[in-house]
């Protein structure tokens, strides 16, 4: 039986404006003192006085003992990888690098071909057509895109900062950086020899 000066778990999470999961963690870890009961329901007996004492603390002081992000039902943010900031010269070099990679592709690609070439789904290609300066046209019932404008887009900051990247995009940036680093090293060796 609950005492007059006690509140339930449900009342506590409503008072604190947090999830049941977070309140349960706080009780289990002693952030707010409670008495555990051996019942199947209403497992915790929480004194209202202890809750008020907890609420008197500064928010920063209250939050310091609670881990950030473990109570979210969303997946944690992925760390951005392959984010590359390119100089204007490197952007031109990346365009040339992709042109060599795509040498065998036609100058005009269907959305399906562009999707296969870039590793991005067709809806992403359509979104890029709507939001980026990628030249496209409708021929019959198919939308086609300019290979040159796709190459130009993939050398912009907008593309190199895109997250998440397709496997092709990660590979092309990694290979470009490795190729650039080896070319820079070769250039440095030539300068030393001269």
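Please treat every number below as a calculation from the coordinates, not as lab data. Just so it is clear, the model here is predicted, and its values are computed rather than measured. Quick reminder, even Gly has a Cβ in these numbers, built from the backbone with ideal geometry, and neighbours come from all protein chains shown.
Specify the residue that is nearest to residue 60 (Cα to Cα); the eligible residues are those in the stretch 12-23 that are out of contact with any strand residue (DSSP E or B) (no Cβ under 8 Å at 6 or more places or on another chain) and in a helix (DSSP H, G or I).
Of all residues in the stretch 12-23, those out of contact with any strand residue (DSSP E or B) (no Cβ under 8 Å at 6 or more places or on another chain) come to 13-14, 16-23.
Subsequent filtering for residues that are in a helix (DSSP H, G or I) retains 13-14, 16, 20-23.
On the way: 13: 19, 14: 20, 16: 15, 20: 21, 21: 20, 22: 17, 23: 17 Å.
Residue satisfying both the conditions and the ranking: 16.
Considered as a group, the residues in the stretch 8-24 that are surrounded by 15 or more Cβ atoms within 10 Å (Cβ to Cβ) and under 18 Å from residue 42 (Cβ atoms) include one that is farthest from the chain's Cα centre (by Cα), and that residue is 8. The residue that is nearest to residue 5 (Cα to Cα), among those in the stretch 47-56 that are surrounded by 12 or more Cβ atoms within 10 Å (Cβ to Cβ) and under 38 Å from the mean Cα position of the chain (by Cα), is 51.
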